[in-house]
Amino acid sequence: MTELRLALLGLGNVGRAFSDYITRAEDDIARRIRIYGVADATGGLLSDDPSRIKHAVEQKAAGLSIRDFAPDDAMANDDFIRRLSDFGISILVESLPTNLTDGQPAMDLIRAALTEGINVVTVDKGPLAHGFDLLQEAARENGSQIAFTGTTGVRPPDGIANERVLEIRGVLNGTTNYILTEMHERGISFGDALAVAQGDGIAEPDPRLDIEGWDTAAKILILAKDLMRASACITDVSRIGIGAETESLIEAARARGCIVRLIGRARVWQGRVRVSVAPKLIDPASIFYSVRGTSKAAVFRTESRGELVGVGLSGRDQIAGVILDDIIRLRAK
């Protein structure tokens, strides 16, 4: 059975979950995968001994950085990328912490890997939100590929790449959806619902990227760039998040038999793709009416097939499975 050699750039929850997932998965591709390189923000480690790499992942979970684990062998991440092919590594899985300010350092590292002819699977929104066209160009020019299903919160429907997409609407952020669900169903304030979400480990201690709509903005923008050829930047996204002021909107929704959801939207208007994020009243006829808690969903309106539904992605195992699916698609092309 021919090995499929991978490297992981990013060893947070997602990177470690993927490493664990492939040891349990029964898919033929998963059984062939071997990880020969790992890197975090402190540096990277490459080894012909997969057991050493596995030990590095275990030590990362215990609190050690890659440089702590292998002080004599750890290398700068730029060097790590340049040496991937020396170890026969053909795919880089990138899951560094998301930086929505400028997409760095992941954007430059992904671009370097693609330039080296290494295929990339990423779940990191920052590089795609800021450098989608740049990364696609690097892949085209160097015969490599980039897959990013895990960046958008939903899995687009099969075959949609061949469709003309006119509009995308989606509940794309699980944290805000959880908060809105708590507010509506329990009749509690925004502050109390946020505290519940933080207590349950769903909302971050600093939840601004979620509640201010930045996470949703990045996800809908990536979908719009991929499926609608949008030229917008993340700063072009019209963005309204949720907060204490959403309480009055929920009361108005309840009086009308509706609920409130934070909706990311991309649509063609006056010859351009416009992208926006805002809380909206949702009536019982909408698919989003049943999207509760941390669930996500999106509707893709196409020219020839009408509206198609994309399913949400939540949970570490599910995201790890999405990474594996992207790897399988890369191998099939």
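Read-outs: derived from the displayed coordinates by stated rules, not from any lab. Small disclaimer: the values here were computed from a predicted structure and weren't measured. Counting neighbours? That spans all protein chains shown, and the Cβs are built from the backbone with ideal geometry, glycine included.
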**Study point:** For segment 74-163, radius of gyration divided by Kirkwood radius, i.e. Rg to Rh on alpha-carbons
**Key:** 0.98
Study note, to complete from the structure: The lysines whose Cα lies under 25 Å from the Cα of K225, excluding any fewer than 8 residues away in the same chain, are K125, K280, K296, K333
Practice item. Tabulate in residue order the Karplus-calculated ³J(HN,Hα) for segment 142-147, using 6.51 cos²θ - 1.76 cosθ + 1.60 with θ = phi - 60°, rounded to whole Hz; enter x for Gly and Pro. Key: 10, x, 10, 9, 10, 10
Check your understanding: Taking the DSSP beta bridges in the chain as the whole, what percent of them are antiparallel, to the nearest 5?
Key -> 65
Exercise for review: Enter the Cα centre distance for the pair segment 212-255 and segment 47-87, rounded to the nearest angstrom.
Suggested key: 38
Exercise for review: Could I have the simple spin-label model distance between A62 and R31, label points 7 Å from Cα toward Cβ, reported in nm to one decimal?
Suggested key: 3.1
Check your understanding: Among S19, S144, S248, whose mean-square fluctuation peaks in a Gaussian network model of the chain (Cα, cutoff 10 Å)?
Key -> S248
Check your understanding: If you take the alpha carbon radius of gyration of segment 192-322 and divide it by 2.2 N^0.38 Å, what ratio comes out, to two decimals?
Key -> 1.11
Study note, to complete from the structure: Among GluC sites (Glu not before Pro) in segment 231-333, those in a DSSP loop whose Cβ has at most 14 other Cβ atoms within 10 Å are E245, E303
Exercise for review: State the dimensionless ratio Rg/Rh of segment 249-333 (Rg: radius of gyration of Cα atoms; Rh: Kirkwood radius).
Suggested key: 1.06
Check your understanding: If you compute Cα extents along the principal axes in Å for the structure shown, which of (i) 64, 44, 36; (ii) 76, 55, 33; (iii) 68, 50, 33 do you land on?
Key -> (i)
Practice item. Report the extension gain between S314 and S231 in nm, rounded to one decimal, defined as 0.36 nm multiplied by the number of residues separating them, less their alpha carbon distance. Key: 27.1 nm
Revision key, fill the gap. Fewest-first ordering of L128, L281, L135 by Cβ atoms within 10 Å yields L281, L135, L128
Exercise for review: Evaluate the charge dipole of segment 199-333 about its Cα centre and quote only its size in Debye, nearest 20, assuming +1 on the Cβ of each Lys and Arg and -1 on the Cβ of each Asp and Glu.
Suggested key: 700
Exercise for review: Along each of the three principal axes of the Cα atoms of segment 19-131, give the extent in whole Å, ordering the values from largest to smallest.
Suggested key: 36, 35, 27
